[in-house]
Amino acid sequence: MAMIVAFGEMLIDFVPDVAGVSLAESKGFIKAPGGAPANVACAITKLGGKSAFVGKFGDDEFGHMLVNILKQNSVNTDGVCFDKEARTALAFVTLKQNGEREFMFYRNPSADMLLKESELNLNLIKQAKIFHYGSISLISEPCRSAHMAAMKAAKSAGVLLSYDPNVRLPLWPSADAAREGIKSIWKEADFIKVSDEEVEFLTKGNAEKEETVLSLWHDKLKLLLVTDGPKGCRYYTKSFKGKVAGYSVKTVDTTGAGDAFVGSFLTSVAKDPSIFENEGKLKEALAFSNACGAICTTQKGAIPALPTTNDAQALLKSK
Ligand code: ATP
């Protein structure tokens, strides 16, 4: 089975135990493992695929707890390392009544930001079919250089590059720095997934307009996907474009929906890379990914809410 390597951060989200309560008012917090690349790695294995996570943790209780969660989810951890001094990243996350999130990060610097090029397991990366990453690992050194080196190694080994920027503005020095940093590696990716909100942030345009989305196209791109929350997603390739409708479910928490969607899509690509050129197969994979994203919103947290193949098939059949 083809391996998908997810690179970047894994952290603990501390979420108020009562939805809609502010961080200051909350009496209790629930620990929720998070970090988009780690969620994607777990989404893949939950669907029966093969994944590895490459990143750095503090050599502390939380770091070891997170690595154990990866292992329990059958994610390969041969690319994981620990920092003796820096702590594992934490974030306090408020879940508003509508299920959307607001973040307060504790990273000063956290261990994930201190991953060095020399600590990369390049063999693992070069053996992958897909190398998936976000943009948080680009924010500061030495992790930025490690990210660039990992991408370069993957590319030279013929590994497909997958990019979900996952904009987290509070982590960047400014909105302009975020836009510039995220776009600095734009043209390397074979496949890019952005949300409608991210399209608006990156382009300063209206995400509903095709010309706005297409301003994000680059010549070597095989597929650009725009996710539209409950509405589903839009796809753009050199030869065809279209929409795939989402599923109506009882949403309680949208955390991880995008990662469940991406994990599912990459699992399909790893099985059959020809879906980039075959519109029928692409639409089928995207309908399945929409179902995975939708199911993920029906439970609190990201990793515990990730669907199995049977869960997603049951939702597809019910509609
Ligand atoms: P995240 O919340 O993980 O950052 P995102 O912003 O990257 O997600 P979204 O567009 O919110 O991406 O969600 C990804 C996919 O998940 C959507 O394309 C859709 O298929 C599904 N999805 C998201 N929210 C809902 C919802 N409320 N109801 C049904 N499906 C949803």
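The values are calculated or read from the model by the stated rules, or taken from the named source; none is laboratory data. Please read all numbers here as calculations on a predicted model, not as lab measurements. Glycine gets a Cβ as well: all are built from the backbone with ideal geometry, and neighbour counts include every protein chain shown.
Looking at (1) modelled with pLDDT of 95 or more; (2) in contact with a Ser or Thr (Cβ under 9 Å, 6 or more places away or on another chain), which one does LYS271 not meet, given that it meets all the others? That leaves (2) as the condition not met. Got at least one residue in segment 166-186 being of a type in the set (S, T, N, Q) and crowded, with 18+ Cβ neighbours inside 10 Å? Yes, that holds for at least one residue.
Within segment 228-238, being more than 8 Å from the ligand (Cβ to nearest atom) and either hydroxyl-bearing (Ser, Thr, Tyr) or closer than 21 Å to VAL40 by Cα (or both) holds for ARG234, TYR235, TYR236, THR237.
Within segment 239-254, restricting attention to residues that are farther than 23 Å from GLU277 by Cα and more than 6 Å from the ligand (Cβ to nearest atom), the residue that is surrounded by the fewest Cβ atoms within 10 Å (Cβ to Cβ) is LYS250.
Applying a threshold of 8 Å to beta carbon distances and a minimum spacing of six or more residues, or different chains, the list of pairs starting in segment 296-314 at a residue that is on the phi > 0 side of the Ramachandran plot and ending at one that is within 12 Å of the ligand (Cβ to nearest atom) and in a loop (DSSP other than H, G, I, E, B) reads GLY301/ASP253; GLY301/THR255; GLY301/GLY256.
Scanning segment 181-234 for residues that are over 26 Å from LYS152 (Cβ atoms), touching a residue at least 60 places away in the same chain (Cβ under 8 Å) and touching a strand residue (DSSP E or B) at 6+ places or on another chain (Cβ under 6 Å) yields SER195, THR227.
Scanning segment 201-211 finds one or more residues that are under 18 Å from the mean Cα position of the chain (by Cα) and within 12 Å of the ligand (Cβ to nearest atom). The condition (being more than 23 Å from VAL93 (Cα to Cα) and assigned to a helix (DSSP H, G or I)) is satisfied by just one residue among LEU286, LEU216, LEU225, LEU221: LEU286. Within segment 289-311, if we keep just the residues that are assigned to a helix (DSSP H, G or I) and more than 11 Å from the ligand (Cβ to nearest atom), the residue that is farthest from the chain's Cα centre (by Cα) turns out to be ASN310. Considering segment 270-287, and only residues there that are more than 19 Å from ALA6 (Cβ to Cβ) and within 16 Å of the ligand (Cβ to nearest atom), the residue that is surrounded by the most Cβ atoms within 10 Å (Cβ to Cβ) turns out to be LEU286. Criterion first (within 16 Å of the ligand (Cβ to nearest atom) and either surrounded by 18 or more Cβ atoms within 10 Å (Cβ to Cβ) or among the β-branched types (Val, Ile, Thr) (or both)) does LEU225 satisfy it? Taking the combined requirement at face value, the residue satisfies it. When segment 163-195 is limited to residues that are part of a helix (DSSP H, G or I) and within 16 Å of the ligand (Cβ to nearest atom), the one that is farthest from TYR133 (Cα to Cα) turns out to be PRO170. Within the set LYS204, LYS220, LYS209, the sole residue that is among the basic types (Lys, Arg) and closer than 30 Å to MET104 by Cβ turns out to be LYS204.
Go through segment 255-269 residue by residue and tally those that are in contact (Cβ under 8 Å) with a residue 60 or more places away in the chain and more than 9 Å from the ligand (Cβ to nearest atom). Lay out the reasoning, then the answer.
The first filter runs over segment 255-269 and keeps only residues in contact (Cβ under 8 Å) with a residue 60 or more places away in the chain, leaving 255-256, 258-267, 269.
Restricting the remaining residues to those that are more than 9 Å from the ligand (Cβ to nearest atom) gives 263-267, 269.
Residues meeting the conditions: 6.
Restricting the first member to segment 97-110 and to residues that are of a type in the set (A, V, I, L, M), and the second to residues that are modelled with pLDDT of 80 or more, the beta-carbon pairs closer than 6 Å and six or more apart or on different chains are MET104/PHE92.
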